[in-house]
Amino acid sequence: MLTLAILEGDDIGREVVPECVKVMREAAAAVDLAIDWKPMPISRAGHAAAGHTVPPGTLETLATYDGWVLGPIGHREYPKGDPTWLNPHPLFRTHFGLFANYKPFRSYPNLPSVHKDIDLLFLRETTEGFKVDGNLFMGYGEFMPTEDSAIGICVTTKLKSRLIAEAAFEAAARRPRRKVTAVHKNTVYRYGDGLFADECRKVAARFPDVEFEEVIVDTFAMRLVMKPQQYDTIVTTNLYGDILTDEAAGLVGGLGLAPGVNASETLAMAQATHGSAPDIAGRGIANPYAMIMSGKLLFEWLAGKRSEPKAARAAGLIEAAMSAVIAEGAQLTPDLGGSASTQAMGDAVARAIGTAGR
Ligand code: ATP
């Protein structure tokens with residue numbers, strides 16, 4: 001029995017998370033995978049219920065579960081400077097040490113995309129690097145010594161570099177191409193990126209069956225646009241990964257098609273790349289793809305870490321059902337060129353699992 005929490009988030013989170021959970025429930029039922037689902041109020045709902053976006057006891061309870069599904073957070077509209085309106089997402093990342101962000105990108109033949117035949121998996125380290133501001137234990141990674149100048153710091157440790165490299169090689173070893181590309185700029189950032197590159201090389205030596213290469217980040221950004229098919233699994237640091245994964249989302253059709261999972265060595269959080277999209281919230285037109293496929297990634301992660309083969313089968317059913325719904329094309333949301341609602345697309349994926357899985 002797995003225990004998974006449901007954290008809806010704000011705005012379109014309240015529309016796409018229920019579709020994700022619906023599809024995950026259907027896939028789990030099809031393979032007899034028992035899941036105890038635990039809805040927990042956070043973000044605006046948490047504030048309404050308990051006066052805090054992360055109500056007391058939330059972190060302690062989540063620590064006892066196998067993982068959770070987190071919807072996007074409308075943090076930009078939260079009151080500033082009020083400690084009861086924390087953005088839950090960076091807090092979860094820091095508190096639980098969710099250092100590995102898995103982000104796959106694939107193109108579909110009948111959806112508009114810059115290139116065809118894209119099948120990429122990014123492994124982005126998310127607790128250090130240049131984006132330390134939201135991740136520090138205390139303090140802020142950017143400061144202004146005078147009103148005309150600003151200084152930012154970058155943190156790189158051997159431990160996190162090794163862990164993210166290991167996650168990348170383990171993932172690549174399960175993919176058909178078995179290839180890892182480490183993206184950095186050790187030519188300029190000789191200590192931080194140098195240390196990251198060294199750790200990647202050490203881990204590569206332990207995986208002789210996985211091809212390994214290193215590419216400097218600016219060259220990689222260009223090649224990713226020109227010929228993304230030459231890459232398979234990409235491992236990189238926090239800020240480079242942040243930028244390059246949005247570039248990859250653009251290559252396959254936009255943010256609605258960008259799922260993700262954030263994981264430590266023991267816990268994982270399904271989280272789509274997109275934000276809470278207040279501009280389209282409440283209209284039932286948000287694309288549930290990214291959130292549903294984030295749930296699929298959570299199943300995949302659980303299959304590996306909890307040695308749960310049923311979770312791997314459930315993930316496979318979701319992937320196949322989503323591909324079938326996209327290929328069929330009748331139940332797609334407006335951003336994908338269709339006219340279906342969020343719920344209709346979620347229903348179609350759940351139905352396709354029912355058809356394939358039983
Ligand atoms: P954040 O800073 O919280 O990550 P953001 O500024 O990156 O948010 P989003 O909320 O992701 O912005 O929205 C960016 C644009 O993409 C908006 O126009 C939004 O409507 C659109 N968008 C985001 N997610 C989806 C989705 N699931 N389906 C359709 N459109 C979406």
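Sort out which residues of the stretch 275-300 are polar (S, T, N, Q) and under 19 Å from ARG76 (Cα atoms), and write them in order of number.
SER276
Taking the stated definitions as given, is VAL69 surrounded by 21 or more Cβ atoms within 10 Å (Cβ to Cβ), of a type in the set (A, V, I, L, M), touching a strand residue (DSSP E or B) at 6+ places or on another chain (Cβ under 6 Å) and under 30 Å from VAL235 (Cα atoms)? Reasoning before the result, please.
Working: surrounded by 21 or more Cβ atoms within 10 Å (Cβ to Cβ): yes; of a type in the set (A, V, I, L, M): yes; touching a strand residue (DSSP E or B) at 6+ places or on another chain (Cβ under 6 Å): yes; under 30 Å from VAL235 (Cα atoms): yes.
Yes; evaluated as a whole, the condition is true for this residue.
Considering every residue within the stretch 196-212, establish whether at least one is surrounded by 15 or more Cβ atoms within 10 Å (Cβ to Cβ), in a loop (DSSP other than H, G, I, E, B) and aromatic (Phe, Trp, Tyr).
yes
When the residues of the stretch 97-142 are filtered to those that are aromatic (Phe, Trp, Tyr) and touching a residue at least 60 places away in the same chain (Cβ under 8 Å), which remaining residue is farthest from ALA268 (Cα to Cα)?
From the stretch 97-142, those aromatic (Phe, Trp, Tyr) are 99, 102, 105, 108, 122, 130, 137, 140; that's our starting set.
Those left that are additionally touching a residue at least 60 places away in the same chain (Cβ under 8 Å): 99, 102, 105, 108, 122, 130.
Numbers: PHE99: 10, TYR102: 10, PHE105: 19, TYR108: 27, PHE122: 16, PHE130: 23 Å.
Of everything passing the filter in the stretch 97-142, TYR108 is farthest from ALA268 (Cα to Cα).
Is it the case, given these coordinates, that VAL54 is of a type in the set (Val, Ile, Thr) and within 16 Å of LEU298 (Cα to Cα)?
Working: of a type in the set (Val, Ile, Thr): yes; within 16 Å of LEU298 (Cα to Cα): no.
No: the conditions fail for VAL54.
What pairs come up if the first residue lies in the stretch 293-314 and is modelled with pLDDT of 95 or more, the second is crowded, with 23+ Cβ neighbours inside 10 Å and hydroxyl-bearing (Ser, Thr, Tyr), and their beta carbons are under 7 Å apart, counting only those six or more places apart or on different chains?
LEU297/TYR102
When you look at GLY337, is it within 16 Å of the ligand (Cβ to nearest atom), closer than 19 Å to ALA258 by Cα and surrounded by fewer than 15 Cβ atoms within 10 Å (Cβ to Cβ), yes or no?
Details: within 16 Å of the ligand (Cβ to nearest atom): yes; closer than 19 Å to ALA258 by Cα: yes; surrounded by fewer than 15 Cβ atoms within 10 Å (Cβ to Cβ): yes.
Spelling it out, GLY337 is indeed within 16 Å of the ligand (Cβ to nearest atom), closer than 19 Å to ALA258 by Cα and surrounded by fewer than 15 Cβ atoms within 10 Å (Cβ to Cβ).
If VAL225 satisfies all but one of (1) touching a Ser or Thr at 6+ places or on another chain (Cβ under 6 Å); (2) not in a loop (DSSP other than H, G, I, E, B), what's the number of the condition it fails?
Single failed check for VAL225: (1).
From (1) within 14 Å of ALA270 (Cβ to Cβ); (2) in contact with a helix residue (DSSP H, G or I) (Cβ under 9 Å, 6 or more places away or on another chain), pick out the condition that doesn't hold for TYR78.
With (1) within 14 Å of ALA270 (Cβ to Cβ); (2) in contact with a helix residue (DSSP H, G or I) (Cβ under 9 Å, 6 or more places away or on another chain) applied to TYR78, the lone miss is (1).
Which condition does PRO309 not pass, out of (1) touching an Asp or Glu at 6+ places or on another chain (Cβ under 6 Å); (2) surrounded by fewer than 18 Cβ atoms within 10 Å (Cβ to Cβ); (3) of a type outside the set (Asp, Glu), if it passes all the others?
Condition (1) is where PRO309 drops out.
Which one of these does GLY57 not meet: (1) surrounded by fewer than 20 Cβ atoms within 10 Å (Cβ to Cβ); (2) at pLDDT below 95?
For GLY57, the exception is condition (2).
What are the residues in the stretch 171-212 that are in contact with a strand residue (DSSP E or B) (Cβ under 6 Å, 6 or more places away or on another chain), within 21 Å of THR156 (Cα to Cα) and of a type in the set (Asp, Glu), if any?
Once the filter is applied, which keeps residues that are in contact with a strand residue (DSSP E or B) (Cβ under 6 Å, 6 or more places away or on another chain), within 21 Å of THR156 (Cα to Cα) and of a type in the set (Asp, Glu), the stretch 171-212 yields only ASP193.
What is the residue count in the stretch 247-296 for residues that are surrounded by 21 or more Cβ atoms within 10 Å (Cβ to Cβ), more than 19 Å from ILE35 (Cβ to Cβ) and more than 11 Å from the ligand (Cβ to nearest atom)?
Qualifying residue count, the stretch 247-296: 4.
With the requirement that a residue be within 16 Å of the ligand (Cβ to nearest atom) and not in a loop (DSSP other than H, G, I, E, B), what does the stretch 1-21 give you? Don't jump to the end; show me each part of the working.
Of all residues in the stretch 1-21, those within 16 Å of the ligand (Cβ to nearest atom) come to 7-21.
Hits for the stretch 1-21 are LEU7, GLY13, ARG14, GLU15, VAL16, VAL17, PRO18, GLU19, CYS20, VAL21.
The values are calculated or read from the model by the stated rules, or taken from the named source; none is laboratory data. Since this is a predicted model, take the numbers as computed values, not measurements. Note that we place each Cβ from the backbone using ideal geometry, even for glycine, and neighbour counts take in every protein chain shown.
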